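Take a look at the structure below.
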Amino acid sequence: MAFRDSGGCRLLNPDAKIDTLWRESASLHGFGKMVQGPVALYRGLVREGALEFDSAQASAAQRLQTLSEQLRAVGLNGEKKTSVLVRLGFRQGPPAPRGIYLFGDVGRGKTMLMDLFYGHAPVDPKRRLHFHAFMLEVHRWIHRWRKNGGATNRDADPIPALAADMASTASLLCFDEFEIRDVADAMIMRRLFSALWAQDVVVVMTSNWSPDDLYLNGLQRELFLPFIALIKDCTDVIKLDSKFDYRLRSLRQMQVYFASREGGTGFKMQDIFHDLVGNVDVVAETLLVDGRSLKIPRVNQGIAWLTFEELCGRSLGAADYLEIAARYHTLLLSDIPVMTVEQRDKAKRFAILIDILYEHNVKLVCSAAADPKALCPPGNDAYEFNRTVSRLSEMQTTTYLSRPHTA
């Protein structure tokens, strides 16, 4: 029942460009000891023209470089470098280095920087996960532990066993998009991370939120506050205060509405999605709407991708769309058909969806069978659909794309 076997995640494979730079810039010695790291990789990407130099990113890369060197000094392959006196118990071994909590607004390059660090980090074993996928693993692990007899009584605590299992399978944990959204997860994370840090597991995480803003206004938040203090004690909190939203800049420079006459059968929304999120894990996420579960199948970094049928082909309503609009700053919506009279209900849901996305300044990337004005079924609803056509057109403009997302 090892944590590594719990499923739901895969490790990051750096994209070809980063991997090439890694091989070129990293000198290998002994057990793969590297004298270069995130700083060299970052400078290489800037030199290649893949990135624009950003002083805030360069500073964060330097701190990640320092952590990488500290990890190397402590030991490789999960084994600390210890003297004979330490092994005999006459002297204390070197402490694990502090982790990093890297936070900032969306599109600032947090994930990219963590990936440069992770690919180079001289630690084995190590894991890199999207935080939502990690929480899914945690809940599945606890469920199996209880089902397989881990609990001898109803009050048995799975957290110590879970932490020990995790610590045995990863000396370094990297989390992308760390956040806490409900009281159950808040209580689990407080105790689980306390146990992990007590066992010298090094944690690096990215987040859109400063530690003080985590689980803000959440139920029983006072019980979570000690965990915020612990984050500050066990990690260096770094704000990535970059001036630009690079993802938004990319959106402004790209086409965001694709009609079949333009894209044809060769258009792939998957390519757009990966261009925006990078070469990172694609995970599913479940939203809670009025006590119901709403599954979003493809998510990362505040970007969601759904098909028309997934959003408008089933019995969803304004409450569902409001939750989506508040949760994601960018929505990719694929396979929008030319709607017939028989699909009038879908057309109405589509119109409601667009209204809500528009009001929340959600960035929208669409693939459709026709231009906006040709999507609506003929009849009385066609006139009302004019507002949807107008908004779809406005949502393609630079002015709209420059608006900040309203959660």
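Structure summary
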{"quantity": "Packing-based ranking, highest mean first, of 42-52, 286-296 given that Cβ atoms within 10 Å are counted", "calculated": "42-52, 286-296"}
{"quantity": "Centre separation in Å (Cα based) which lies between region 135-200 and region 100-134", "calculated": "20"}
{"quantity": "18 Å cut-off, amide nitrogen to a point 7 angstrom out along Leu223 Cα→Cβ, residues in region 194-209", "calculated": "194-195"}
{"quantity": "Thr169 versus Asp241: modelled label distance in nm, points set 7 Å from Cα along the beta carbon direction", "calculated": "4.0"}
{"quantity": "Rounded FRET efficiency, nearest 0.05, which uses the C-beta distance separating Trp209 from Ala50 and R0 of 25 Å", "calculated": "0.35"}
{"quantity": "Net lengthening on full extension, Ala374/Ser390 (0.36 nm per residue, minus Cα-Cα)", "calculated": "4.5 nm"}
{"quantity": "Full-stretch length increase - Tyr400, Arg98 - with 0.36 nm per residue and alpha-carbon distance subtracted", "calculated": "104.6 nm"}
{"quantity": "Computed over region 138-208, Cα set: Rg, Dmax in Å", "calculated": "12.9, 40"}
{"quantity": "Shape call, region 173-229: gyration tensor on alpha carbons, a/c limit 1.5", "calculated": "oblate"}
{"quantity": "Gain on full stretching of the segment that runs from Arg140 to Ser59 - 0.36 nm per residue minus C-alpha separation", "calculated": "25.4 nm"}
{"quantity": "Paired Rg and Dmax values of region 105-147, which use every Cα atom, in angstrom", "calculated": "14.4, 42"}
{"quantity": "Spin-label model distance (nm) - Leu288 vs Arg314, 7 Å beyond Cα toward Cβ", "calculated": "1.9"}
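Values in this text are rule-based calculations from the coordinates and carry no lab data. Keep in mind it's a predicted model, so treat the numbers as computed, not measured. Every residue, glycine among them, receives a Cβ derived from its backbone with ideal geometry; neighbour counts consider all protein chains shown.
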